Amino acid sequence: MILENIDSIFAEEPREKAKNSFWASETELNVFDTYHRWIGTEPTNPPDAKTKVIFSAGKMIEEALVQRMVELGYCEDFGEDQKRIEMEREGVPISGYIDAVLADGTPVEIKTYYGDYQEKEIAAGKPRTSYLKQLAIYMDFLDKDRGVLFYMNRGLGTMHEFVLTRENGMFVCNKVDPVEKTSEETGVSFDINDVYKRWARLYKNNVLPKVEPKSEYRYKYEINEENFGELSKYMLTKILNGNKVLGDWQVIYSSYKDLILEREGTGLGYTPEELDIIKTFKK
């Protein structure tokens, strides 16, 4: 009864009927994907039921955390909605939704995650730069020099906090240790204007004239000595057994994966002819 209706149960209501701005969450999205969102191309690979459940579960955790923060007076109360931003930079419209704003006006971006790999990366002070850039846009909109990226592990309950500050036009990220009361440099810094300029180029050269850009990422790398010559025996074995394709992960998780494959002129996995060539690299 539930499983057969899972798609409708976890279907999200679209906030915008038609895309008319760049979203703060798209700072590092493949320009190919962003373009097709703009022109309204139907996704060839929409999220499945499992992915929808995971996203929804994460969203519910985030909302519960914000509600508790509101109750304790730590952040502003926006009611049932998030704080929406609308602005223009480099001649292009930008929009987004801020998860929370602390009492002193500091924007907060909350992310949940799961898995040992992500736990190790985040604990080691390696947050996703796309999340930091999203936060930087909110800081820019609110004209604030400080923002917080808060992580929570959905499985273990562990939490990590990163503080993003604006220094001489650059955004710099530090990891906070709440026990030791210290702040550790992550080595991450960037200029958010680079994102605005990238969007402006896409808007002018592709969106307005409706010229499809080439995907920045490939599903399958060229089969040559440069890409395959230095692979370990373990990795080559995985490829030859059909358990691995050497390419960019961004394509695997793209809503337009099949369309990218079509433009790339390839299919899923490797053909017998391709595998014969790959075998020559096994030493």
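The table that follows gives values for the structure above.
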read-out	value
Residue in the stretch 86-100 that is out of contact with any helix residue (DSSP H, G or I) (no Cβ under 9 Å at 6 or more places or on another chain) and modelled with pLDDT under 95 present	no
Enumeration of residues in the stretch 253-271 that are surrounded by 13 or more Cβ atoms within 10 Å (Cβ to Cβ) and part of a helix (DSSP H, G or I)	K257, D258, L259, I260, L261, R263, E264
Of all residues in the stretch 151-161 being crowded, with 17+ Cβ neighbours inside 10 Å and in contact (Cβ under 8 Å) with a residue 40 or more places away in the chain, the one that is nearest to V176 (Cα to Cα)	Y151
Residue under evaluation V211, criteria (1) assigned by TED's automatic domain parsing to the domain that holds D33; (2) farther than 23 Å from E119 by Cβ, criterion not met	(1)
Any hit, the stretch 3-18, residues being more than 22 Å from L259 (Cβ to Cβ) and at pLDDT 95 or above	no
Options K282, K257; residue that is touching a residue at least 24 places away in the same chain (Cβ under 8 Å), closer than 30 Å to W38 by Cα and charged (D, E, K, R)	K257
Residue within the stretch 274-283 that is under 18 Å from E230 (Cβ atoms), basic (K, R), over 19 Å from the mean Cα position of the chain (by Cα) and in a loop (DSSP other than H, G, I, E, B) present	yes
Given (1) more than 30 Å from A18 (Cα to Cα); (2) buried (at least 17 other Cβ atoms within 10 Å of the Cβ), number of the condition T112 does not satisfy	(1)
Subset of the stretch 167-225 (residues that are assigned to a helix (DSSP H, G or I) and aliphatic (A, V, I, L, M))	V195, A200, L202, V207
Filter pass, E226 being free of Cβ contacts under 8 Å to residues at least 40 places away in the same chain, out of contact with any helix residue (DSSP H, G or I) (no Cβ under 6 Å at 6 or more places or on another chain) and not assigned by TED's automatic domain parsing to the domain that holds A24	yes
Meets criteria (crowded, with 16+ Cβ neighbours inside 10 Å, modelled with pLDDT under 95 and out of contact with any Cys (no Cβ under 8 Å at 6 or more places or on another chain)) for I239	yes
The listed residue being of a type outside the set (V, I, T) and either surrounded by 13 or more Cβ atoms within 10 Å (Cβ to Cβ) or under 28 Å from L164 (Cβ atoms) (or both), out of K244, K279, K210	K244
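The values are calculated or read from the model by the stated rules, or taken from the named source; none is laboratory data. This one's a predicted model, so the numbers in the text were calculated from it and none came from an experiment. Because the Cβ atoms are built from the backbone with ideal geometry, glycine has one as well, and the counts that use them run over all protein chains shown.
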